[in-house]
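Sharing a structure with you now.
The values are calculated or read from the model by the stated rules, or taken from the named source; none is laboratory data. These numbers come from a predicted model, not from an experiment. Quick reminder, even Gly has a Cβ in these numbers, built from the backbone with ideal geometry, and neighbours come from all protein chains shown.
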Amino acid sequence: MRFVLVLMLCAGCSPALMKTRGAEDPMIYDRARVERADRVAIFIPGALSSIAVFKETADWEDEGFARAFYRYPGLDGLPVDHRLDPATAAAEVAAFANTLEASEVTLVGYSTGALIALQAAPRIDPSHHVRVAAMSPAVEHAGGLRTILRGARDMGRAMVATRSVAKAKVWPRFWAGLLFGPDALEAPTPSPELQAAVVAGSKISTPLSTQTAIAHTLALPGWRLPDDLDLTGIPVSFFIGLNDPVFSTLQTTDFSRKIGGVPILGYPGQGHLLFFTRPDVFDDIKDFALGRPPRLR
């Protein structure tokens, strides 16, 4: 733990990580498509995540959406010449949205990206009809002590279940919990289906340098939404796995109440990585963006 703290302090002193804006535009999009679209969806990944988490949204273009993506330092072609600062990211997302001719703008945020979307939405000109879809949304202070303790507990459960401390054995079992929740983490003998999902799921993890990882997470423990955040008139909906081991349903429900009682669509038996385990979540989010009622499955 001391080593981690020292590492973070050193990283915080790095000139690159003192900056909150990089030299390159964090937005990536098809300019011609965006300029002529009446509907634009802006996708914001979670900390430590690539925009690849949104790869299942290509069919949104069939519904008239142009897609744009916000990138983080060290991923998707951006250098690590700055750190993720949520307030700066929200300002950049809003500034981009305010250049659009589109009448409808939907912000789709995953995990940390959901908080950025919430903070950006009120800064977008009301001439745009803005919606916010939050998938597996982070909560303030990155979940704080409760999330830290739950992560440590789950790692301990993975060690007990595998009777090992070897990363090669423990990490796949920990992934099972991340994908599907504690039941999967503690299964005495994982089913072939679960084993296949864990193997496939582990491949979506993007290797990160230490500097990139710290650039993404440095600001999160102290981050909270501004007290004057006003989402009046902006439709917001949460899409969560009901077994999410990162941000619990209780934490998410409490957070929903804090920002005005956001509707929550929950997926039984699912963890934090809905984009992988339930890619149909993007159909539900698209329905929300189009003002359609939720589908019954």
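Would you mind telling me which numbered condition in (1) surrounded by fewer than 22 Cβ atoms within 10 Å (Cβ to Cβ); (2) within 25 Å of Arg31 (Cβ to Cβ); (3) in contact (Cβ under 8 Å) with a residue 60 or more places away in the chain Val130 fails?
For Val130, the failing item is (1).
Among all residue pairs at least 6 apart or on different chains, which show Cβ distances below 9 Å where the first residue, located in region 221-244, is farther than 17 Å from Ile116 by Cβ and among the hydroxyl-bearing types (Ser, Thr, Tyr) and the second is modelled with pLDDT of 95 or more and not in a strand (DSSP E or B)?
Partner pairs satisfying both residue conditions: Thr232/Pro122.
Let me ask something additional. Considering region 79-88 alone, what residues qualify as being in a loop (DSSP other than H, G, I, E, B) and under 18 Å from the mean Cα position of the chain (by Cα)? Can you show your working first?
Going residue by residue through region 79-88, those that are in a loop (DSSP other than H, G, I, E, B) are 79-85.
Once the filter is applied, which keeps residues that are in a loop (DSSP other than H, G, I, E, B) and under 18 Å from the mean Cα position of the chain (by Cα), region 79-88 yields Arg83, Leu84, Asp85.
Is it the case that region 234-249 has a residue that's in a helix (DSSP H, G or I), at negative phi and either in the same structural domain as Glu61 (by TED's automatic domain parsing) or surrounded by fewer than 18 Cβ atoms within 10 Å (Cβ to Cβ) (or both)?
Yes: region 234-249 contains one or more residues that are in a helix (DSSP H, G or I), at negative phi and either in the same structural domain as Glu61 (by TED's automatic domain parsing) or surrounded by fewer than 18 Cβ atoms within 10 Å (Cβ to Cβ) (or both).
Still on this structure: With a cut-off of at least 2 residues that are within 19 Å of the chain's Cα centre (by Cα) and of a type in the set (Val, Ile, Thr), name the helices (runs of 4 or more DSSP H) lying wholly within region 121-202.
Working: elements: 144-162, 167-180, 182-186, 192-202.
Because the criterion is at least 2 residues that are within 19 Å of the chain's Cα centre (by Cα) and of a type in the set (Val, Ile, Thr), the helices (runs of 4 or more DSSP H) in region 121-202 that meet it are 144-162.
Does region 254-297 hold any residues that are small (Gly, Ala, Ser) and either more than 17 Å from Val108 (Cα to Cα) or in a loop (DSSP other than H, G, I, E, B) (or both), and which are they? Working first, answer last.
Taking region 254-297 and keeping what is small (Gly, Ala, Ser), we get 256, 260-261, 266, 269, 271, 289, 291.
Gly260, Gly261, Gly269, Gly271, Gly291, listed by residue number.
Would you check which residues across region 274-288 are under 24 Å from Ala176 (Cα atoms), crowded, with 22+ Cβ neighbours inside 10 Å and touching a strand residue (DSSP E or B) at 6+ places or on another chain (Cβ under 7 Å) and list them?
Matches in region 274-288: Leu274, Phe275, Val281.
Tally the residues that are assigned to a loop (DSSP other than H, G, I, E, B) and over 16 Å from Thr106 (Cα atoms), restricting the search to region 21-69. First the steps, then the outcome.
Looking only at region 21-69, we keep the residues that are assigned to a loop (DSSP other than H, G, I, E, B), and these are 21-26, 30, 37-38, 45-50, 64.
If we keep only those that are over 16 Å from Thr106 (Cα atoms) as well, we get 21-26, 30, 46-50.
Matching residues across region 21-69 total 12.
Every residue, every condition in (1) assigned by TED's automatic domain parsing to the domain that holds Thr249; (2) among the aliphatic types (A, V, I, L, M); (3) more than 28 Å from Asn243 (Cα to Cα), yes or no:
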site: Glu56; (1), (2), (3): yes, no, no
site: Tyr70; (1), (2), (3): yes, no, no
site: Ala89; (1), (2), (3): yes, yes, yes
site: Ser103; (1), (2), (3): yes, no, yes
site: Leu115; (1), (2), (3): yes, yes, no
site: Ala134; (1), (2), (3): yes, yes, no
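Shifting gears a bit: Name the residue, out of Ala47, Ala52, Ala37, Ala66, that is among the aliphatic types (A, V, I, L, M) and loosely packed, with under 15 Cβ neighbours inside 10 Å.
The conditions single out Ala52.
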